[in-house]
Amino acid sequence: MTFSADAWVPGPFGLDALRGSTVRAQRTVLAVAHHMTSATRLADVMPLLETDLRVAVAYTAAPASVFTGGVDRHLRDLGGLVVPWRQAVGTRWDLVVAASHGMLENLHGPVMTVLHGAGPGKLLPRLRGAGPAAARPVTGLIRERLVVAGRVVPSSIVLAHDRHLEMLEHECPEARPVAFAGGDPCLDRLLASLPYRKEYRRALGVRAGQRLVFVSSTWNGDSLLGRRPDLLLRVAAELPRDRYRIVAALHPNVWAYHGKRQVMAWHAECRRLGVRLFPPEEGWRAGLVAADVLVGDHGSVTCYGAALGVPVLLGAFPEDAVAPGTHVAGLGAIAPRVDWHRPLAPQLEEAAHAYSGRIHAAMRGAISSRPGEAARLIRGEMYRLLRLPDRERPPDVEPVPLPLPGLSRAA
């Protein structure tokens, strides 16, 4: 089902909220997904409210990104009540929650934003054009998206680290008063999953004596996949299948922009050779917990892997795309690079000796300055904005789900 421009979805919000309500909620909340990456982060955050009988939650997809492909279907597959954007902007909400920026100024209600990756660490890709080059802002902290027509759009900005507050002060000082360090819910869930590592490995078919190699690529031409489109085929052809199991995660923007059918077709041969390609929605986090070594780039998944204790090899790392002084730059300063002119297997074995527990702990500390507290802090802020008392029971930090059985090698 897709919505036409004039479609209208009835639900417990707006002027007719009580017409069909069985449970009469006191507050209405809109969760806004700009792309699949933000939608998956909302899946970490919205359950903190959705179990409260006082609150009714609806979802919408903001047409503010070139990577919106698949978002509407994903939201409906989650079972959420999905309203078209035109209806969302014509309705008053008690709270709007988003994991990205863009067009939020069109919504009626206090806006709270959370990060959708491992924190601001990249510079915005420079726009093509004939004009002179200018300084590039840090992604996630872009002033033109935080301030519109002389007004700071969010009422609350949740950042993961105290250092991010300093970065925001530099990039957009007007927004600093509404920001606070609330931790990283994704990192907290990954760490809570570590006791179940054997279960994740079993679900991924890792046998005794095998090493699980996780290959990760962010999006754009300077990513690992952008630099080496035949990456997964080479890894699959080079590593003996009796000794290595290979899983791979491509940034959701790759799937959204090129389409699932195309991405699967491009990787048909390497999947035939045994590579398990995670879908963009979920699965990669289970693979990360299970991994023995990771080949990645400057994307968030690589940083999360290093924070979990996984030895990381950088297959690509565009220095000019990384914001200086960030956790991404810190990883780039210590992580060994893949030498693509050498056999890969010995480099994977050598990677384990390049790290220590201290280095992994430092990466965890660089991503979040509120370890284990994200669910509590973010939930408390949402209730503050809703003008409702928080619940007495502290929120649970749930382990990430097992990878879906449909994660197959076949097309």
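The values are calculated or read from the model by the stated rules, or taken from the named source; none is laboratory data. It should be emphasised that the depicted structure is a prediction, and the values quoted were computed from it without experimental measurement. Please note: Cβ atoms are built from the backbone with ideal geometry, for glycine as well, and neighbour counts cover all protein chains shown.
Scanning the stretch 307-331 for residues that are surrounded by fewer than 21 Cβ atoms within 10 Å (Cβ to Cβ) and in contact with an Asp or Glu (Cβ under 7 Å, 6 or more places away or on another chain) returns L314, P318. I'd like to check something: does the stretch 96-117 contain any residue that is closer than 24 Å to A329 by Cα and acidic (D, E)? Checking the stretch 96-117: not a single residue is closer than 24 Å to A329 by Cα and acidic (D, E). Scanning the stretch 1-42 for residues being surrounded by 13 or more Cβ atoms within 10 Å (Cβ to Cβ), among the hydrophobic types (A, V, I, L, M, F, W, C) and without any contact (Cβ under 8 Å) to a residue 40 or more places away in the chain gives a total of 2.
State whether the residues of the stretch 390-410 include one that is closer than 20 Å to V247 by Cβ, modelled with pLDDT under 95, of a type in the set (S, T, N, Q) and surrounded by fewer than 17 Cβ atoms within 10 Å (Cβ to Cβ). Looking through the stretch 390-410, at least one residue is closer than 20 Å to V247 by Cβ, modelled with pLDDT under 95, of a type in the set (S, T, N, Q) and surrounded by fewer than 17 Cβ atoms within 10 Å (Cβ to Cβ). With Y355, Y383 as the choices, which residue is closer than 28 Å to E238 by Cβ and of a type in the set (S, T, Y)? Exactly one of Y355, Y383 is closer than 28 Å to E238 by Cβ and of a type in the set (S, T, Y), namely Y355.
When you check V263 against the structure, is it within 16 Å of M36 (Cβ to Cβ), under 23 Å from the mean Cα position of the chain (by Cα), hydrophobic (A, V, I, L, M, F, W, C) and surrounded by fewer than 21 Cβ atoms within 10 Å (Cβ to Cβ), yes or no? Taking the combined requirement at face value, the residue satisfies it. For the stretch 363-372, filtered to residues that are buried (at least 17 other Cβ atoms within 10 Å of the Cβ) and not hydroxyl-bearing (S, T, Y), the residue that is farthest from L191 (Cα to Cα) is A366. Here V29 passes the criteria (1) at pLDDT 95 or above; (2) over 26 Å from the mean Cα position of the chain (by Cα) except the one numbered (2). Every listed requirement among (1) more than 19 Å from the chain's Cα centre (by Cα); (2) without any contact (Cβ under 8 Å) to a residue 24 or more places away in the chain; (3) closer than 24 Å to H116 by Cβ is met by H258 save one, (1).
On the stretch given as the stretch 240-251, residues that are in a loop (DSSP other than H, G, I, E, B) and surrounded by 21 or more Cβ atoms within 10 Å (Cβ to Cβ) total 1.
Among the residues of the stretch 64-84, is there at least one that is surrounded by fewer than 22 Cβ atoms within 10 Å (Cβ to Cβ) and over 22 Å from A256 (Cβ atoms)? Looking through the stretch 64-84, at least one residue is surrounded by fewer than 22 Cβ atoms within 10 Å (Cβ to Cβ) and over 22 Å from A256 (Cβ atoms). One residue stands out among those in the stretch 140-164 that are over 18 Å from V111 (Cα atoms) and not acidic (D, E): the one that is surrounded by the most Cβ atoms within 10 Å (Cβ to Cβ), which is H164. Within the stretch 76-89, one or more residues are in contact (Cβ under 8 Å) with a residue 24 or more places away in the chain, closer than 27 Å to G305 by Cα and in contact with a helix residue (DSSP H, G or I) (Cβ under 9 Å, 6 or more places away or on another chain). Of all the residues in the stretch 127-179, those that are touching a residue at least 40 places away in the same chain (Cβ under 8 Å), more than 26 Å from E373 (Cβ to Cβ) and either of a type outside the set (D, E, K, R) or not assigned by TED's automatic domain parsing to the domain that holds R379 (or both) number 3. Counted as qualifying within the stretch 40-120 are the helices (runs of 4 or more DSSP H) with 2 or more residues that are within 20 Å of the chain's Cα centre (by Cα), namely 47-50, 71-77. When the stretch 196-251 is filtered for residues that are touching a strand residue (DSSP E or B) at 6+ places or on another chain (Cβ under 7 Å) and not aliphatic (A, V, I, L, M), the ones remaining, listed by number, are R201, G205, Q210, R211, F214, S216, S217, S223, R243, Y244, R245, H251.
Being assigned to a helix (DSSP H, G or I) and touching a strand residue (DSSP E or B) at 6+ places or on another chain (Cβ under 9 Å) is the filter here, so list the residues in the stretch 252-284 that pass it.
Residues satisfying the conditions are V254, V263, M264, C270, R271, W284.
Filtering G183, G205 for residues that are touching a residue at least 12 places away in the same chain (Cβ under 8 Å), buried (at least 21 other Cβ atoms within 10 Å of the Cβ) and in a loop (DSSP other than H, G, I, E, B) leaves a single hit, G183.
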